[in-house]
1. List the pairs whose first member sits in the stretch 517-538 and is outside the structural domain of residue 368 (by the TED database), whose second member is basic (Lys, Arg) and buried (at least 20 other Cβ atoms within 10 Å of the Cβ), and whose Cβ atoms are under 6 Å apart, counting only residues at least 6 apart or on separate chains?
2. Enumerate the pairs (first residue in the stretch 79-107 and over 19 Å from residue 68 (Cα atoms); second residue anywhere and in a loop (DSSP other than H, G, I, E, B)) with beta-carbon separation below 7 Å, excluding pairs fewer than 6 apart on the same chain, so at least 6 apart or on different chains.
3. Test residue 235 against the stated conditions and say whether it is polar (S, T, N, Q), under 25 Å from residue 356 (Cα atoms) and modelled with pLDDT of 95 or more.
4. Restricting to the stretch 491-540, and then to whatever is farther than 18 Å from residue 441 by Cα and out of contact with any helix residue (DSSP H, G or I) (no Cβ under 9 Å at 6 or more places or on another chain), can you tell me which residue is surrounded by the fewest Cβ atoms within 10 Å (Cβ to Cβ)?
5. Please specify each residue of the stretch 202-252 satisfying the condition of being of a type in the set (Ser, Thr, Tyr) and part of a loop (DSSP other than H, G, I, E, B).
6. What number goes with the only condition from (1) modelled with pLDDT under 85; (2) of a type outside the set (Gly, Ala, Ser); (3) out of contact with any Pro (no Cβ under 8 Å at 6 or more places or on another chain) that residue 144 does not pass?
7. Being under 17 Å from residue 525 (Cβ atoms) and in contact with a Lys or Arg (Cβ under 7 Å, 6 or more places away or on another chain) is the filter here, so list the residues in the stretch 440-465 that pass it.
8. So which strands (runs of 3 or more DSSP E) are wholly in the stretch 401-478 and hold at least 2 residues that are crowded, with 21+ Cβ neighbours inside 10 Å?
Amino acid sequence: MANNNNNNQNNNQSNNEQILTDIILKASSYMDNSSFDSALNTIQNGLSISPDNYELIFMSALCYEQINEIETAYYRYRLAIYLSARDTGDSSDDTALIRNELNRMCEYTNADKYKLAVSLEQLILERIHLKEYNSTFYFLKSVLYDVNHTASRIVMTEGNMLLFIMLEICLSEQNTYNLKDNLSDRFIDCSSKFTNIFSRYGCDYTVFHDVYRRIRFILRHIRFGVSSDYHKELTDVISQYSVTGEMLAVLVEYCIDPPCWCDTLDKIYKFILSDYPIQAELIRRYSIWIAKQYSGTTQTCMPVECHNNHAAVTYLDYNNRIQQSLEYQEASRYETKCRTYDNSRISIIFCTNDDSYCEECILYLRRLYIPDNMHLDIIAVKNAPGMAAGYNAAMEYSNARYKIYIHHDTFIIDTHILSKLINVFNNNPDVGLIGNSGTTRMTDDGIWWSSDYYFYRINIYQDNLLNVARCTPSHTDGTIDDAAAIDGIFMATCTDIYWREDLFDNWHFYDISQTYEFRKHGLRTVFLNDTDITLLHELSTKPSPVDYYEKYRQIFLNNYDIRQ
């Protein structure tokens, strides 16, 4: 019986090889006659039989180049190079030939960087439909983590990163992940009602993203001690979305900073053990594996703080703004000293277009301790056409002496930050604006993060889907540093100055320009040096057309003296 099975497998392999040979010859004939659409259809038939055939992928790249779909051709060339190097060696003749063709194309064409991101996503989805998960995962990993290629930053879009995470979860669930150090026991084989992630959620990463977002919020609640109701949150999400232990374990790597991986996994294990023992066992084994792999200093999660300041929330619809846009010259007539402030009031303001992020942001804000004899309110601005316009609407609405402007994906974790800010303002009457991210020296191009790292002042956890990095300032002595440019993820003020919505009617440079506006009014702009991390910020992974950013960068440079 075994011999018969082997013979059948050999016959099938031989038949497939002959079919592929015929397909390659047929596609080549179409290409010779410039029938590139027919060639691509033929090639696709071949890839359905052998998705990793680098010759077919190379031919598809040549076809797309000929029909002037350069961005589509680009990543097919790169995939063909990757597979050829894997199968024949990096220095083989085939690999060299494909690499030379790619270099030739790049020499005479200029690819649209944002179309590159879309073309990569389309290629990955095609291969997922073919159920070629393993090589697709490692190819995508080689692209996203290619530090020597500038396009890697462009293709790190939300879609591509979510597909990468889904592929890793899929391989983990199928026990086909390529383990280091021969740790083949990373996962345990066990019966499960769940199939792989693509059969559960399909190839539409937007469905997965909704699940991922909810899990992401829960994992942060554990990490930062935001809620004590972890058990119910976790069991609800596991039941509702068919979440496997492997999926939870992989997401911990991407949602939590590395020192807290093990403690987070241990907490999850305890929370779900009674209701989901199989998933809990997978989590336990994964935690052991992580402990072996991670060589850094481990930390425990923050203790749970159930404090609730019951701050009032106002949902401000920009469309109902009474004071519509003012010309800058008219707005500048409003002397800040003439405005009547409520010195006991703090307003935290953010613009939002997403209810789930809005409510999550509020959850963190209601954990903040309010200084004695002070009051806190929260203003969520909806339907704002731009950040500056939204902030002006909230500024006109609130007479609070102290206003803090944040993004809706900024989650404040330092529960005592309000007292620290008030102390800085009280002890430094010349300070008008406090930030926690930016630079002390601005570069001539108007881009603050292009300054030398030594001048950075960043005090956050930065989450960009694929990792959570702890960014701490070079100075943590409790003093303040003068800021050249402050990033808009966190800006605290003690006086109202008009945001330049007349210049910046979108989402770029509203923050850097405001730093300069405060200095124009004779006020200092500073960073608070602190040992405590202030907040976690989700770095946006949605591509913004470069011409938009460049437009507002030029407006900024034309209206402000960089050295001011």
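The values are calculated or read from the model by the stated rules, or taken from the named source; none is laboratory data. Owing to the predicted nature of the structure, the values given are computational and were not obtained by experimental measurement. Cβ placement follows ideal geometry from the backbone for every residue including glycine, while neighbour counts extend to all protein chains displayed.
1. No pair meets every condition.
2. 83/52; 84/92; 95/89
3. The answer is no for residue 235.
4. It comes out as 522.
5. Of everything in the stretch 202-252, those that are of a type in the set (Ser, Thr, Tyr) and part of a loop (DSSP other than H, G, I, E, B) turn out to be 227, 228, 242, 244.
6. (1)
7. Of everything in the stretch 440-465, those that are under 17 Å from residue 525 (Cβ atoms) and in contact with a Lys or Arg (Cβ under 7 Å, 6 or more places away or on another chain) turn out to be 440, 446, 451, 455.
8. Filter on the stretch 401-478 gives 410-412, 431-435, 437-439, 456-458, 460-463.
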